[in-house]
Amino acid sequence: MVTDSLDVVRGVLGHGPVAVQVRVKTNDREAYALTVAALELCRPAGALCLVDDRVGVALAAGADGVHVGADDLPVAAARRALGPHAILGATCRNPFSARTAVADGATYLGVGPAFATSSKTGLPDPIGPDGVAAVTRAVPGTPVIAIAGITPARVAELDCYGVAAISAVATDPAGATAAFLKELAAHE
């Protein structure tokens, strides 16, 4: 679950295996404070806590890893900074960028936009289920997480390891998390 809200973090924990990605677009100080608070909730629940875009914040807070987007620090540079054991996600939209990111040290891929979304502006056109599947086939053994416009009803359309949700969990984090986990389990 991708969020900038501790209420969402609280709501998604305790329903099954989830990872929380802290996404704060203001400044490092606020990202750090939210990450530390999220870690205090995630650790006892056994949930992973990642930081969006900010390698320094992830390292300073002791997060499990970081996710870098297409316009962020290059994957190879992020891997050097994080070391060999941290989780490192990378945004990809096609098989070529997926293979490159994995070769450079990404441990999972965030792939999309899978569908149209209102959670983030300025995104390229959606790649759809076929685009997500093409990336999944290009990097066997690497978890591919579809993002953007994901709802529980759309999970069955996607050939990937998991899904990332933002607005789909904002109003009812607990209920949405349970619905997503149920759909993911049904399509394993």
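Computed over the chain, the per-residue total of -39500 (n - 2.57) for DSSP H runs of n ≥ 4 gives a 222 nm mean residue ellipticity of -12000 deg cm²/dmol, rounded to 500.
Considering only alpha-carbon pairs that sit under 8 angstrom and 6 or more positions apart, the relative contact order computed for region 1-64 is 34 percent.
Peptides 86-95, 56-65 ranked from most to least packed give 86-95, 56-65, packing being the mean of other C-beta atoms within 10 angstrom over each peptide's residues.
Normalised by the number of residues in region 140-188, the average gap of Cα pairs under 8 Å and 6 or more apart makes the relative contact order 38 percent. Annotation: amide H-H contacts under 5 Å for Ala165 (H modelled 1.01 Å from N, sequence separation of 5 or more, or interchain): Val2.
Could you rank Asp130, Asp4, Asp71 by how accessible they are, 1.4 Å probe, largest area first? Write out the running numbers ahead of the final one.
Details: Asp130 130, Asp4 105, Asp71 150 Å².
Largest to smallest exposure gives the sequence Asp71, Asp130, Asp4.
Take every Cα pair under 8 Å in the chain that's 6+ residues apart, average their separations, divide by the length, and report that relative contact order as a whole percent.
Details: 372 pairs, mean separation 32.1, N = 188.
Reported relative contact order: 17 percent.
Hey, can you find the accessible area per residue of the chain for me, probe 1.4 Å, expressed in square angstrom?
48
Heavy atoms only, probe 1.4 Å: what % of the accessible area of the chain goes to carbon and sulfur, would you let me know? Solvent-exposed carbon and sulfur of the chain make up 55 percent of the total.
Phi angles of region 40-57 translate, via the Karplus equation with coefficients 6.51, -1.76, 1.60 and θ = phi - 60°, into HN-Hα couplings of 4, 8, 5, 4, x, 8, x, 9, 6, 10, 10, 10, 7, 6, 10, 4, x, 5 Hz per residue; Gly and Pro are given as x.
By the gyration tensor of its Cα atoms, with a ≥ b ≥ c the square roots of the eigenvalues, what is the shape of region 103-172: rounded for a/c under 1.5, prolate for a/b over b/c, or oblate? Show your work: numbers first, answer last.
Details: a/c = 1.67, a/b = 1.58, b/c = 1.06.
Taking the square roots of the gyration eigenvalues as a ≥ b ≥ c, region 103-172 is prolate.
The values are calculated or read from the model by the stated rules, or taken from the named source; none is laboratory data. Just so we're clear, the structure is a prediction, and the values are computed from it rather than from any experiment. Cβ atoms come from the backbone with ideal geometry, glycine included; neighbour counts cover every protein chain shown. All accessible areas refer to the heavy atoms of the entire protein, side chains included, with ligands and DNA or RNA removed. Shrake-Rupley method; radii C 1.70, N 1.55, O 1.52, S 1.80 Å.
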